[in-house]
1. Suppose we flag GluC sites (Glu not before Pro) only when DSSP calls them loop and at most 15 other Cβ atoms lie within 10 Å. Which is the longest uninterrupted stretch of the chain?
2. Which chymotrypsin sites (Phe, Trp or Tyr not before Pro) in region 184-238 sit in a loop by DSSP (not H, G, I, E or B) and have at most 15 other Cβ atoms within 10 Å of their own Cβ?
3. Classify region 83-187 from the C-alpha gyration tensor, please: rounded if a/c falls under 1.5, else prolate or oblate depending on whether a/b exceeds b/c.
4. Classify the chain from the C-alpha gyration tensor, please: rounded if a/c falls under 1.5, else prolate or oblate depending on whether a/b exceeds b/c.
5. At 1.4 Å probe size, with the rest of the protein present, what percent of the exposed accessible area of the chain is carbon and sulfur atoms?
6. Would you tally the net charge around residue 61, using a Cβ to Cβ cut-off of less than 10 Å, leaving residue 61 out, and scoring K and R as +1, D and E as -1?
7. Taking 0.36 nm per intervening residue step and subtracting the Cα-Cα distance, what contour gain separates residue 48 from residue 86 on full extension?
8. Suppose all protein chains stay in the model; what accessible area per residue would a 1.4 Å probe give for the chain, in Å²?
Amino acid sequence: MDKHSKNIFCEYTVKSWEDCLNLFRTIDGWVFRGQSNSDWALKTTLERGAEIHSTNFRDTPVVEANIIEKFQRRANHYSDNTPEKEDILEWLSLIQHHGGPTRLLDFSYSYYISLFFSIDQAFQESAVYCLNKKLVSEKGLETEVWRGLPEGKTFGTREYCNYALKEQTLSPLVMLVEPFNIHERLSRQQGLFVVPFEGRQSFEYNLSLTVNRFQKSLPKSRTLTEFASILDVLANECALLKVKIPKSLHNEIRSELKLMNITSETLFPGIDGFSKSLFGEFELN
């Protein structure tokens, strides 16, 4: 593929709860990420940290190495069960779990859970980003083979991810991966990570070059007015679909998810989740 198909990045605004369900059911097998503002791009906490502190993003591999080393040296103060020192994926998963900045981007196998995170405490139109797991994984392998897949390395495995994380600045690519140790929150949220390989560039830069090795940024999204007649396009050409959730639908969706027992209390373990769930008391009706 010498240039991006116009279908690589699409967006669709749902018209109703039923319309929302019908769409997500047609792309079952994808992975999902809810964001409370539809204007937000896909960014890791490492990216956002660099922006907040006005750090040159080209320097973030140094920042990342310092974060990992500091966490490894002090984690034993807080836990007796820590990963092997060389298992960078497990360390980053732990840092992410406790709110630290990493290059990992959280996704979920569940569109219901991602819908919840999309609308939870959102002030405006929200969005669920849908990543075509099969297509992105296939294109990632194809790209790595074209670049010269290292001998003895199996793309898509945790071992390969650790190899990339240790190198920090491999050729741009993203890979979907689950850590070996699934902590309770990740389990409840049916989570996994999408990991960019080139640490000096943005997540979206890495994603774009995974799907098309000649395109350094995601193209302008193609706006869909309907989806039923283009299911083949979504399955075979669309790598990323942004589903916009109008603010007017949030309360109805929130009520439907609550009936499914999808709340802060069920998604976050302990008293933190219970406390977050108290925002539901505003629903007086």
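1. 1-83
2. Within region 184-238, the qualifying chymotrypsin sites (Phe, Trp or Tyr not before Pro) (loop, at most 15 other Cβ atoms within 10 Å) are 214.
3. Oblate.
4. Values: a/c = 1.85, a/b = 1.13, b/c = 1.63.
Here the chain falls in the oblate category.
5. 49 percent
6. Net charge in that neighbourhood comes out at -1.
7. 11.1 nm
8. Dividing the accessible area of the chain by its residue count gives 52 Å².
The values are calculated or read from the model by the stated rules, or taken from the named source; none is laboratory data. Computed from a prediction, not measured in an experiment: that's the story for all the values here. Please note: Cβ atoms are built from the backbone with ideal geometry, for glycine as well, and neighbour counts cover all protein chains shown. Surface accessibility is based on the protein's heavy atoms, side chains included, excluding ligands, DNA and RNA. Shrake-Rupley method; radii C 1.70, N 1.55, O 1.52, S 1.80 Å.
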